[in-house]
Amino acid sequence: MLPELHEREATLRQFFALAPNVPLRREDAPIPDVSSTVAAHLARFNLEWHIIPAADAVPLDEKYFTRLYPTRPRTFTQSDYHGESLQTTLTRSHRRHQGLLLAIESTRKPRYRQNNRQFYGTLYGHDATADPFASYLGQAGFTNSTRYAHTYVPVREFVTLVTNDWRARGLLPRGYRLTVCSPTILNLIGMVFHPEWSESESLELGFYRDEKGNGHCFTVGSNMPGDFSYLQHIETSADWTYLGFRLMLVPETI
């Protein structure tokens, strides 16, 4: 296991009050082969490896949602026009990630500024160079070089661009791919490891790919400092002007 995971595993066990003998990782979970060169590269882009607790260790039950979504919407358990509640969608979708080793981007998101000119990397978002992915944003068609004021297609092209570049240069762990961070992962990592994400009111894009390869998008964020309960299902055709996003590395098989 990656050396940095030991401390993060201990933090997870303390947060969820899990005994040392409770397995957090699935037995069939792939172990990323990360060379020192790849590790340094991922660190430069603020990608941190985390264990996502297995379903047997940390089930997404009522206790989980009460603790990690304390200010969840009143409609959380009500079926929407898709015929499924937010709680059911999160439970079903998060199952794909439980028990796996994922790398989550920890870059700080900024507060809102006028004309969507805020940049990731600092709280106030003035410095464009603070975003480690800045050079890729322009190549992917983000005309303002920020992660805001975009639509579904440029985000998809951005992810494909970065993935192909890293893979061609041997900087992507074998068997892994890049994607936009999912709602439950952002909530979990923010609550346990990165509460500073909740200090800014800006919202982010949350993304799942279902078993058929279809994308499901969400608006995710904080209702107050230390809270990551804001969640809303959105369509790919919606106005994403005020949504930022962060990336994560997942196994190609999911």
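Report the charge-dipole magnitude of the chain in Debye, nearest 20, computed about the Cα centre from +1 at each Lys and Arg Cβ and -1 at each Asp and Glu Cβ. Walk me through the numbers before you get to the answer.
Numbers: 26 positive and 27 negative charges, 37 e Å.
Using only the charged Cβ atoms, the result is roughly 180 debye.
Placing a label point 7 Å from the Cα of residue 156 along the Cα-to-Cβ direction, no residue of segment 55-98 has its backbone N under 18 Å from that point. Distance between the modelled labels on residue 37 and residue 17, one decimal in nanometres: 4.8 nm (7 Å Cα→Cβ projection).
Here the spin labels are modelled as points 7 Å beyond Cα on the Cα-Cβ line, and at residue 164 and residue 74 they lie 4.8 nm apart.
In whole angstrom, the chain maps to an equivalent ellipsoid with semi-axes of 26, 23, 18, each derived as √(5λ) from the alpha carbon gyration tensor and ordered largest first.
Taken together, the values in this text are just the output of simple stated rules run on the coordinates, not laboratory data. Not measured: the values here are computed from a predicted model. In this analysis, Cβ positions are derived from the backbone assuming ideal geometry, glycine residues included, and neighbour counts consider all displayed protein chains.
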